[in-house]
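Comments concern the structure below.
The values are calculated or read from the model by the stated rules, or taken from the named source; none is laboratory data. Just so you know, these numbers come straight off a predicted model, no measurement behind them. FYI the Cβ positions are ideal-geometry reconstructions off the backbone, even for glycines, and counts take in every protein chain you see. The protein model used for the area step is the full one, side chains on, heavy atoms only, and it has no ligands, DNA or RNA in it. Shrake-Rupley method; radii C 1.70, N 1.55, O 1.52, S 1.80 Å.
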There are 2 protein chains.
Amino acid sequence: MFGLMQDHPLLISSLMEHAARHHGDTELVSRTIEGPIHRTDFRATHARSKRLANALERLGVGQGDRIATLAWNTYRHLEIYIAVAGIGAVCHTVNPRLFRDQIVYIINHAADRFVFFDLTFAPLVESLRGDCPGVKGWIALTEGAAPAGCLCYEDLLAAASERFDWPQFDERTAAALCYTSGTTGNPKGVLYSHRSTVLHTYAGGLADALAISARDVALPVVPMFHVNAWGIPYMCLMTGAKLVMPGAALDGKSLCALFDSEKVTFSAGVPTVWMGALQYLRESNRGFTSLKRVLIGGSACPPALMHALEEEHGIEVLHGWGMTEMSPVGTVSQIKGRHAALDGTDRRAVKCRQGRAIFGVDFKIVDGAGTELPWDGTTFGDLLVKGPWIASAYFNEPGSPLSHGWFPTGDVVTIDGDGYIKITDRSKDVIKSGGEWISSIDLENIAVAHPAVAEAAVIGVKHPKWDERPLLIVQKRPDADLTREDMLGFYAGKVAKWWVPDDVVFVDTLPHTATGKLLKTALRREFGDYRLPGS
Amino acid sequence: MFGLMQDHPLLISSLMEHAARHHGDTELVSRTIEGPIHRTDFRATHARSKRLANALERLGVGQGDRIATLAWNTYRHLEIYIAVAGIGAVCHTVNPRLFRDQIVYIINHAADRFVFFDLTFAPLVESLRGDCPGVKGWIALTEGAAPAGCLCYEDLLAAASERFDWPQFDERTAAALCYTSGTTGNPKGVLYSHRSTVLHTYAGGLADALAISARDVALPVVPMFHVNAWGIPYMCLMTGAKLVMPGAALDGKSLCALFDSEKVTFSAGVPTVWMGALQYLRESNRGFTSLKRVLIGGSACPPALMHALEEEHGIEVLHGWGMTEMSPVGTVSQIKGRHAALDGTDRRAVKCRQGRAIFGVDFKIVDGAGTELPWDGTTFGDLLVKGPWIASAYFNEPGSPLSHGWFPTGDVVTIDGDGYIKITDRSKDVIKSGGEWISSIDLENIAVAHPAVAEAAVIGVKHPKWDERPLLIVQKRPDADLTREDMLGFYAGKVAKWWVPDDVVFVDTLPHTATGKLLKTALRREFGDYRLPGS
């Protein structure tokens, strides 16, 4: 027997329609690529999105077609989000910070039919065009002259009607596409649906998640080409929060100026964004004037950063964790009732974990044999996740990454009794020694605390008895003096004896990815057959 | 093209599973029918819900079967919510305050197979049994002896295993049933689905709706037999808020004692609940010690009540509006950013409206011809609503109440430019005079402000030129002196001249429904052909 409720699909166009009807004069403010501030509201944005929908249909864009963007956070990028998904096509946000060849691969793999781009990326587009023959048109996001051979966005809109009825279709229809940029292999595409997006928006808007309200002014520093700006633009449409888009100016000074002038109350970005903002405020002897709450994600929030924001600036810090494959939000480190009486230091110890699941996401940790492990805060295992906004497959890739219905995150974590996860390592980096696991990250953190160490990496190398044992690879500070014995002695009392690395290798420099992360695959290639003493 | 997201149905059992896994030791506290406090947590509640699921299957309950409750808010009622819906059956909450014959009608119309009841209702059950032959078993919610011929709840649970895997099924499956109790005709059943319930829970948990978090202690005064206690138990499972159930003791003194002892931060109920609590606090010269936020709904919140709670007690008042047919929440009177700078009085003027739509609900106002009317805060029209948790039909009733896909609420409202609705009248009570509408409620509110008036009703009576004109029916205070001319003169300057009633009738007493509302149908029967002066 079925319920007798009205049947409305969960569609992205409904978010825009709700914002226009119920929060029509809520502001949408953008710093343009050219610099000046652009002001509009949700009612006008809806009208322009409908113009764009008509323009797209006139260009021949149909259901399921992929339409790419190479663009900063601006009102135009939001219009593209809405119009492309709204007509049943797929908005493919391309990360312009990837290597050119990766971008070519991604555009061709996705078979993008049109590419919208900010003028910042005109030189990039010029270099891409010859290698992306499937793209039928390159559309410059400008009211001025488009580069030769490209279409002009504002001309397209001016020629289109603003009368358009959003089609109603199956909520499982694809809406957006975002490629991961792993350290190995080609990027892989995650294809979000309208259903997954709207459910993620509801969950993200809960009081224990991002808690965005119509009294907020939200500025997503996290780019719209990076997993839908963590869903924040959608949450603003759902709740009627004023939305401030920073364009291309993401340095501390520009952001703080925009925080102040637009009275921003909520913002979100990776830790380096906040370190940049704090450094600017310190140097200019200023503080935040309206900011109340920030979400930090993308990588672990250093405790010192959380301390500075909370204690020096009175900002409430939320720490989040997620993945491109998770739309992206999986956990938020909101405290529970039992933590309310803790003092700042103890409360931050809870909040520096990666948080607890928002409803819709479930997780578990398993050992190498797939057996579920306890939530005791110390046992660590592979983190598996499931839920309606988590990927089941990659776009146009064979097979499924799922294991018995669960998505393996590639993270090794502990989970405490309150359900807070703490990332210990990446699965491929954890060292499996005699059936037990050793965290490479914990060993690296100890090494870099030694004053003579500039940077350190720990990898597992083969061992005849223990399968793997940790090898520490160290780059010393210039002119520092450090012996193998000093270094290994430094671990005494800090970890269990069997965790201490078996050997130390000193190198002149460690390899990194384009985004500055340690490239352990290269280290494993170089040192995987390293002969440990006594093996 | 479809998205590549995992496919998980939105199920009520998932809410319980999430609470047990991620908030396992969060407390569920109930005042029992016998009086003492019962304490458990979400992990144990999940285990008992699984026992009950096994017990239900052993009783032969299958998908789609209706299982009724006559019960107060307690942990057992929550277990029934979860287990009945969890196995794919339908939890039919019966309002024990209805007339006995209505209850008989409802149980037979729903074809309930089992009825769970609190011992409070043992005499009622005894009187029902002969007239409800379809009920295969009556189950007393007790660990003691069940009344003769009835089953004992705790015996059933004790005999059942707590190993049970919740079945996964279509999220549009029926989950719960609640009958409306209109003033005319037989009660009609609203059949909620798992999908509608989970979406309503997400929307209700948004920061701009009820904003319940894991730091809250929530006490729903609104009964679980009244539209799922406005969804609050589900919201607590979703967010991990501590849940306090008041049992049968809903007087001011009992509630305030429970607020204090359990450190309740959020509560919800109809205005009379709050008037009772305030009166108790005033008489005992006390205040609230932990309560921060209350949701008031069910009928309009008197401004004086909101003032007292906010100004005297520092409680944040949320005003909500909804219907049984809306699961029930449609709007919440959370302020917008533009209202943040208003002082208390002006802010309360916004909040005394019935609120603005939460995402998922859309509405419009139309005139008698179905033409959409403007949102200007003064034009009033019939309110129509749509959304995935709004009814499209009634259980086992022919036809659909929908009008072009919209549900007619029966309310006449204004909508202002910010999307806040204000209820002006019921559609059937509004007076249609010469193509314009006159609010009977506005005219009644003016009349009762006259010191000589005890109670007043305004109805439309036939008029040869204007179709309808208002007739004022007044019950004077004992010994008060009031003439027709005094009464009509009292309207001068308070409403437009054409709104002033054409005549006044004085009566000894006005007719009421069982729940104390003015019974205008009886007045229309008596005075519908009243001959107005000059007509």
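With a cut-off of at most 14 other beta carbons within 10 Å, and DSSP calling the residue loop, which trypsin sites (Lys or Arg not before Pro) in the stretch A:42-129 qualify? Please list them.
Counting only loop positions with at most 14 other Cβ atoms within 10 Å, the trypsin sites (Lys or Arg not before Pro) in the stretch A:42-129 are A:Arg97.
Quick one: what Rg and Dmax do you get for the protein assembly as shown from the alpha carbons, in Å?
Here Rg and the maximum Cα pair distance are 31.8, 115 Å.
Shortest first, in nm, what separates the label point of A:Thr120 from those of the same position in the other copies (7 Å along Cα→Cβ)?
Sorted ascending, the copy-to-copy spacings read 6.2 nm.
Once you sort the root eigenvalues of the Cα gyration tensor of the stretch A:431-527 as a ≥ b ≥ c, which label holds: rounded (a/c under 1.5), prolate (a/b larger than b/c) or oblate (the other case)?
oblate
Using R₀ = 60 Å, calculate the FRET efficiency as 1/(1 + (r/R₀)^6) where r is the Cβ-Cβ separation of B:Thr483 and B:Ala340; round to 0.05.
The computed FRET efficiency comes out at 0.80.
Over the protein assembly as shown, what is the percentage of antiparallel beta bridges among all DSSP beta bridges, to the nearest 5?
The answer is about 60 percent antiparallel.
Determine the relative contact order of the stretch A:12-250: mean sequence separation of Cα pairs under 8 Å and six or more apart, normalised by residue count, in whole percent.
Reported as a whole number, the value is 25 percent.
Report the local net charge at A:Ile82: Lys and Arg +1, Asp and Glu -1, summed over other residues whose C-beta lies under 12 Å from its C-beta.
+2
Dipole size in debye (nearest 20) for the protein assembly as shown around its Cα centre, Lys and Arg Cβ +1, Asp and Glu Cβ -1?
I would put it at about 260 debye.
Take the Cα atoms of the stretch B:45-144, find their three principal axes, and give me the spread along each one in whole Å, biggest first.
Taking max minus min along each principal axis of the Cα atoms, the stretch B:45-144 gives 36, 26, 20 Å.
Return the average number of partner chain Cβ atoms within 10 angstrom of each residue Cβ along peptide A:325-338.
Counting Cβ atoms of other protein chains within 10 Å of each residue's Cβ and averaging gives 3.
How shielded is A:8-16 by partner chains, expressed as the average number of their Cβ atoms within 10 Å of its Cβ atoms?
Per residue, the number of nearby Cβ atoms from other chains is 2 on average.
On average, how many beta carbons from a partner chain sit within 10 Å of the beta carbon of a residue in B:293-303?
The per-residue average across the peptide is 0.
Over the residues of chain A, compute the C-alpha Rg and express it relative to 2.2 N^0.38 Å.
Normalised Rg, Cα atoms only: 1.02.
Is the stretch A:267-404 best put as rounded, prolate or oblate by its Cα gyration tensor, with a ≥ b ≥ c the root eigenvalues, rounded for a/c under 1.5, and otherwise prolate when a/b is larger than b/c, oblate when not?
Here the stretch A:267-404 falls in the prolate category.
Would you please name the trypsin sites (Lys or Arg not before Pro) within the stretch B:482-535 that are DSSP coil residues with at most 13 other C-beta atoms within 10 Å of their C-beta?
Sites meeting the loop and neighbour criteria: B:Lys494, B:Lys517, B:Arg531.
Quick one: accessible area per residue over chain B, 1.4 Å probe, rounded to a whole number of Å²?
With the other protein chains kept in place, chain B gives 37 Å² per residue.
Compare B:Ser440, B:Ser161 by solvent-accessible area with a 1.4 Å probe and give them largest first, with all protein chains kept in place.
Result of the area sort, largest leading: B:Ser161, B:Ser440.
Mind ranking A:Met5, B:Met1, B:Met224 by accessible surface for me, highest first, 1.4 Å probe?
Ranking A:Met5, B:Met1, B:Met224 by accessible area, largest first, yields B:Met1, A:Met5, B:Met224.
Copy-to-copy spacing for A:Val270, label 7 Å out on the Cα-to-C-beta vector, in nm, shortest first?
Once sorted, the set of distances for A:Val270 reads 5.6 nm.
Roughly speaking, what is the centre-to-centre gap between the stretch B:458-523 and the stretch B:378-407 when only Cα atoms are used, to the nearest Å?
Rounded to whole Å, the Cα centres lie 31 Å apart.
Using the C-alpha atoms of the stretch A:93-221, what convex hull volume per residue, in cubic angstrom, is computed?
182 Å³
Taking a 1.4 Å probe, which of A:Trp437, A:Trp274 shows the most accessible area, and what order do the others take after it?
Solvent-accessible surface, decreasing: A:Trp437, A:Trp274.
Percent relative contact order of the stretch A:431-527, based on C-alpha pairs within less than 8 angstrom and at least six residues apart?
Relative CO of the stretch A:431-527 lands at 26 percent.
What do you get for chymotrypsin sites (Phe, Trp or Tyr not before Pro) in the stretch B:140-249 restricted to DSSP loop and a cutoff of at most 14 other Cβ within 10 Å of the site's Cβ?
When the chymotrypsin sites (Phe, Trp or Tyr not before Pro) of the stretch B:140-249 are filtered for loop state and at most 14 Cβ neighbours within 10 Å, B:Phe169 remain.
How much solvent-accessible surface does A:Leu518 expose, in Å² to the nearest 10, with a 1.4 Å probe and all protein chains in place?
Its heavy atoms expose roughly 50 Å² to the probe.
Between rounded, prolate and oblate, where does the stretch A:12-250 land on the alpha carbon gyration tensor, with a ≥ b ≥ c its root eigenvalues, rounded for a/c under 1.5, else prolate if a/b exceeds b/c?
Rounded, because the longest to shortest axis ratio a/c is under 1.5.
Of B:Lys428/B:Lys494; A:Lys428/A:Lys520; A:Lys386/B:Lys50; B:Lys188/B:Lys432; A:Lys50/B:Lys422, which ones are farther than 19 Å apart at the Cα?
Over 19 Å apart, Cα to Cα: B:Lys428/B:Lys494; A:Lys386/B:Lys50; B:Lys188/B:Lys432; A:Lys50/B:Lys422.
So if each residue of separation counts as 0.36 nm, and I subtract the Cα-Cα distance between B:Phe2 and B:Glu143, what length gain in nm does that give?
Taking B:Phe2 through B:Glu143 to full extension adds about 45.6 nm, to one decimal.
Per DSSP H run of n ≥ 4, the term is -39500 (n - 2.57); total these for chain B, divide by its residue number, and report the mean residue ellipticity at 222 nm rounded to 500 deg cm²/dmol.
Theoretical 222 nm ellipticity from helices: -7500 deg cm²/dmol.
Quick one: work out the % antiparallel among DSSP beta bridges in chain A, nearest 5.
55 percent
Ordered by residue, what ³J(HN,Hα) values in Hz, to whole numbers, does the stretch A:487-500 give under the Karplus form 6.51 cos²θ - 1.76 cosθ + 1.60, where θ = phi - 60° and Gly and Pro are x?
Running phi through 6.51 cos²θ - 1.76 cosθ + 1.60 with θ = phi - 60° gives 5, 5, x, 5, 7, 4, x, 9, 9, 4, 4, 6, 7, 4 Hz.
Which cross-chain or sequence-distant (5 or more) residues have an amide H under 5 Å from the amide H of A:Ile139, H modelled 1.01 Å from N in plane?
So A:Ile139 has HN proximity to A:Val115, A:Phe116, A:Phe117, A:Leu151.
Taking the alpha carbon gyration tensor of the stretch A:220-298, what are the square roots of 5 times its eigenvalues, largest first, to the nearest whole Å?
They are 21, 14, 10 Å, listed largest first.
Out of all DSSP beta bridges in the stretch B:12-250, what portion is antiparallel? Express it as a percent rounded to 5.
Of those bridges, close to 35 percent are antiparallel.
On full extension of the chain, what length is gained from A:Val270 through A:Arg282, given 0.36 nm per residue of separation minus the C-alpha to C-alpha distance?
Stretched fully, the A:Val270-A:Arg282 segment lengthens by 2.4 nm.
Please find, among residues of chain B, the one with the beta carbon closest to the rotation axis relating it to chain A, distance in whole Å.
Here the value is B:Tyr202, 2.
Can you give me the C-alpha center-to-center distance between the stretch B:54-110 and the stretch B:1-50, rounded to a whole angstrom?
Spelled out, the Cα-based centre of one part sits 18 Å from the other.
Sort shortest first the distances from A:Ser400 to its counterpart in every other copy, using label points 7 Å along the Cα-to-beta-carbon line, and give them in nm.
Result for A:Ser400, in nm, nearest copy first: 3.4.
Counting only C-alpha contacts under 8 Å and six or more residues apart, can you give the relative contact order of chain A as a whole percent?
For chain A, the relative contact order is 9 percent.
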